[in-house]
Amino acid sequence: MDGITKVFLGTIVANKDISLKIKKGEIHALVGENGAGKSTLMSILFGLYQPTKGLIKVNGKEVVISGPIRAGGLGIGMVHQHFKLVDNFTIIQNIILGSEPISKWQWINYKHAKDKIKAISERYKLEIKPNLKIANASVGMQQRVEILKVLYRGADIIVLDEPTAVLTPQEITSLLAIIEELKRDGKTIIFISHKLEEVKHIADSVTVIRLGKVIENFLAATKTKEEIATLMVGRDLVEVKNLGGNELGEVALKVKNLFVRKIDNKKIMGLSDFNLEVKAGEIVAIAGVEGNGQTELISTITGLIKPEKGKIFFGNKNMTHSSIQNLYKHGLSHIPEDRHKYGLVLEYNIIDNMVLQNISQYPFSKCGLIRSKAIQYYAQSIIQTYDVRGSKSGFALARGLSGGNQQKAVVGRELTRKHKILVVAQPTRGLDIGAIEYIHGRILEEKTRGNAVLLISYELSEVMSLADRIVVLHAGKITGNVNAKNVIRESLGLMMAGQTLEKGETKNA
Ligand SMILES: Nc1ncnc2c1ncn2[C@@H]1O[C@H](COP(=O)(O)OP(=O)(O)O)[C@@H](O)[C@H]1O
Ligand SMILES: [Mg+2]
């Protein structure tokens with residue numbers, strides 16, 4: 001890619017004279033903060049956008065990539081940061097969409113498709129359930145479907161836009177192995193990630209972009225993680241860590257003898273006899289491999305599903321059968337795992353998104369009339385405080401923002417609303433290190449504000465740096481409940497795998 005410039009709407013310069021050279025057969029990492037312009041650049045390569053200026057050469061030949069089909073013809077495939085899947089189609093239908101094998105009478109040859117998909121998924125250990133609808137598939141499985149889609153089409157230049165952001169540690173390890181396997185097959189990989197550990201682990205070379213421009217290009221082995229981080233952010237970073245020390249208050253959130261069926265398979269219990277208490281000023285983290293009951297727990301506490309048995313209390317108040325609106329009224333804030341499905345209305349602008357739960361309350365409305373000025377003022381102060389970029393003072397549609405900025409908007413809304421209990425799932429999924437540092441700092445502040453925080457995260461490092469107490473979930477049951485201060489990573493790993501440690505070691509903090 002040579003001298004690529006991309007201007008959106010005449011004013012937003014997402015890419016500025018970017019030149020990028022990728023060698024055949026290498027793993028090239030593209031790193032940079034949220035909004036730096038990585039996805040835009042790759043969308044140009046995949047034919048989704050036309051560059052305002054600049055040219056593209058594939059195998060030495062200048063090409064015009066008019067659309068994804070043309071990109072596919074050139075052997076370019078892309079796994080997008082935000083899935084491009086059809087919710088009410090099955091996994092197999094999604095994988096073959098647009099490339100359906102057709103048999104004699106114009107029927108789709110599902111048998112052929114199935115065999116081919118099976119071969120690829122076995123070869124690369126991309127585990128899927130072919131007949132499951134996407135709507136019922138976990139985030140991790142959706143990601144594997146996206147990768148299968150690209151492999152199914154036989155691409156040999158593969159762009160992976162933050163593929164690990166949504167995966168569990170185990171899945172990341174296997175994905176990295178898959179990527180290395182693809183490289184051995186002679187495929188060329190462009191790998192976008194914020195996780196510099198991964199970049200150091202698999203990349204041959206690295207290009208850092210910041211604010212739409214190339215900052216530096218180098219061989220991965222020649223720089224440390226810290227040096228790369230500094231190049232990305234343009235300043236040095238500090239690690240945020242929970243040092244405890246504050247007084248804990250009364251129990252603010254209590255979950256008692258909870259039984260919940262699995263969301264994607266009602267025959268199985270997602271949570272069985274689950275108990276939990278979070279005190280005011282305390283951060284309790286749920287650690288565990290994705291799919292062990294976390295989604296069921298969050299959905300039940302936030303009122304999206306009703307439990308089979310058991311109770312949920314906010315303070316002394318039984319909230320088990322409350323409406324969602326009532327939960328919000330009684331002090332709940334929720335930063336959901338899937339910001340697109342549950343965090344934002346993508347077709348609304350950012351301003352309207354900042355008052356979704358409170359629009360009927362003063363000062364946002366009065367006597368049933370909406371007060372736009374008050375809403376705008378409130379939303380813009382969130383945008384400013386939380387450094388939500390690219391929102392055009394809040395008038396941009398939520399859809400147009402980069403993932404990290406969408407997340408900052410959701411975090412800003414939920415932390416700014418009056419609340420006592422914060423349920424936060426995967427708050428930094430897909431975010432860059434600068435934004436992670438910022439959001440971690442804000443979550444820690446909740447302690448000093450006397451709020452109770454329930455953190456669900458699949459990232460052990462996140463759990464370990466933020467929590468006071470760590471509850472480990474395995475197959476819907478608690479396998480550990482430990483003080484975060486004196487726990488080691490390895491024993492958490494064992495508990496995540498289902499082992500209950502010796503008494504004493506698992507004593508409540
Ligand atoms: N379709 C679009 N319309 C307007 N602005 C956009 C669009 N896509 C991206 N942008 C803006 O371009 C900039 C770069 O975004 P993006 O390429 O998504 O960043 P990254 O992938 O590095 O996080 C951001 O400021 C973003 O808001
Ligand atoms: Mg991006």
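The values are calculated or read from the model by the stated rules, or taken from the named source; none is laboratory data. Source: prediction; values computed, not measured. Cβ sites come from the backbone with ideal geometry, for glycine too, and all protein chains shown count toward neighbours. Note: accessible area is taken over every heavy atom of the protein model, side chains too, but ligands, DNA and RNA are not part of it. Shrake-Rupley method; radii C 1.70, N 1.55, O 1.52, S 1.80 Å.
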Residues that are open to solvent by 20 Å² or more (accessible area, probe 1.4 Å): which strands (runs of 3 or more DSSP E) entirely in region 435-507 hold 3 or more of them?
477-483
Return the total of residues in region 254-276 being surrounded by 18 or more Cβ atoms within 10 Å (Cβ to Cβ) and more than 27 Å from Val139 (Cα to Cα).
1
Considering (1) buried (at least 18 other Cβ atoms within 10 Å of the Cβ); (2) under 22 Å from the mean Cα position of the chain (by Cα); (3) without any contact (Cβ under 8 Å) to a residue 24 or more places away in the chain, say which one Ile202 fails and leave the rest.
(3)
Restricting to region 431-469, name every residue that is closer than 24 Å to Phe314 by Cβ, more than 18 Å from the chain's Cα centre (by Cα) and of a type in the set (Ser, Thr, Tyr).
Thr448
What's the total number of residues in region 1-56 that are modelled with pLDDT under 95 and more than 21 Å from Gln407 (Cβ to Cβ)?
4
Can you confirm whether region 48-68 contains a residue that is assigned to a helix (DSSP H, G or I) and more than 16 Å from ligand 2 (Cβ to nearest atom)?
yes
If we take region 249-366, then helices (runs of 4 or more DSSP H) inside it with 3 or more residues that are out of contact with any helix residue (DSSP H, G or I) (no Cβ under 7 Å at 6 or more places or on another chain) and in the same structural domain as Glu490 (by TED's automatic domain parsing) are 294-301, 324-329
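Give the residues of region 79-91 that are of a type in the set (A, V, I, L, M) and open to solvent by 10 Å² or more (accessible area, probe 1.4 Å), sorted by residue number.
Taking region 79-91 and keeping what is of a type in the set (A, V, I, L, M), we get 79, 85-86, 91.
Matches in region 79-91: Leu85, Val86.
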Please state which one of Thr168, Thr164 is within 16 Å of ligand 1 (Cβ to nearest atom) and either at pLDDT below 85 or open to solvent by 30 Å² or more (accessible area, probe 1.4 Å) (or both).
Thr164
Out of the residues in region 277-297 that are open to solvent by 10 Å² or more (accessible area, probe 1.4 Å) and aliphatic (A, V, I, L, M), which is nearest to Glu247 (Cα to Cα)?
Ala280
